[in-house]
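Encoded as structure tokens, the structure appears first; notes follow it.
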Amino acid sequence: AGGTAAWAAALGPQADAFDLATAVAPYRLGGERVARAAHGALALAAFDGGPLTAAHVRLAARQQSASGLERHARRIRPDVGWEDLVLPERPLTQLHELALRARHRDRVLGDWRLSAGGGRGRGVLGLFAGESGTGKTLSAEVVAAELGLDLYVVQLSSIVDKYVGET
């Protein structure tokens, strides 16, 4: 997968102007997609007429991450923040912890080598449950915004077949 070194090589010396590791941490892109995202980020910076920024890299990485997913999901570009959530203390604390786990997973699993189960999986999962209108999607959108990611809402019926073996 495309770690920070792959991004640095693809972006060149312009990547030294900001914290590249933090900018690319949420994205899981392979070599060719890192190269395409880096090319896109450099093009965005040139279009803006300024230096390459973390925002350019994040936008280009999000565009590469979306490939193919939009056939089965509705994309939400987060436009909310923590101040938009009105929740009791416990679930709000759990959401903050979820965002922190996702933000620091590379350090904990990679740098500190605290990967449980022999290194299977690097994802962070959150299960949102509740009645309609309780804020599940809004909560997920706030976490996505905190991480600089788009949110995808998947209609389960579009990916699961009712017949066993057809999914």
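For segment 53-99, the set of residues classified as modelled with pLDDT of 90 or more, assigned by TED's automatic domain parsing to the domain that holds residue 146 and of a type in the set (A, V, I, L, M, F, W, C) consists of 80, 82, 85, 86, 87, 92, 95, 98, 99, listed by residue number.
Go over the candidates 37, 41 one by one and state the one that is within 15 Å of the chain's Cα centre (by Cα) and at pLDDT 90 or above. Only one candidate qualifies: 37. Considered as a group, the residues in segment 43-61 that are in a helix (DSSP H, G or I) and touching a residue at least 40 places away in the same chain (Cβ under 8 Å) include one that is farthest from residue 102 (Cα to Cα), and that residue is 57. Residue check, residue 12 against (1) more than 14 Å from residue 150 (Cα to Cα); (2) surrounded by 15 or more Cβ atoms within 10 Å (Cβ to Cβ), all met but one. Which one? Failed condition: (2).
Checking each residue in segment 49-72 for being farther than 29 Å from residue 18 by Cα and in contact with a helix residue (DSSP H, G or I) (Cβ under 8 Å, 6 or more places away or on another chain) picks out only 72.
Being surrounded by 13 or more Cβ atoms within 10 Å (Cβ to Cβ), among the charged types (D, E, K, R) and farther than 24 Å from residue 107 by Cα is a condition met by no residue of segment 45-65. Each residue in segment 13-42 was checked for being in contact (Cβ under 8 Å) with a residue 12 or more places away in the chain and part of a helix (DSSP H, G or I), and 19 of them qualify.
The values are calculated or read from the model by the stated rules, or taken from the named source; none is laboratory data. All figures in this text were calculated on a predicted structure; none of them were measured in a lab. Here the Cβ is made from the backbone with ideal geometry for all residues, glycine too, and neighbour counts use every protein chain on show.
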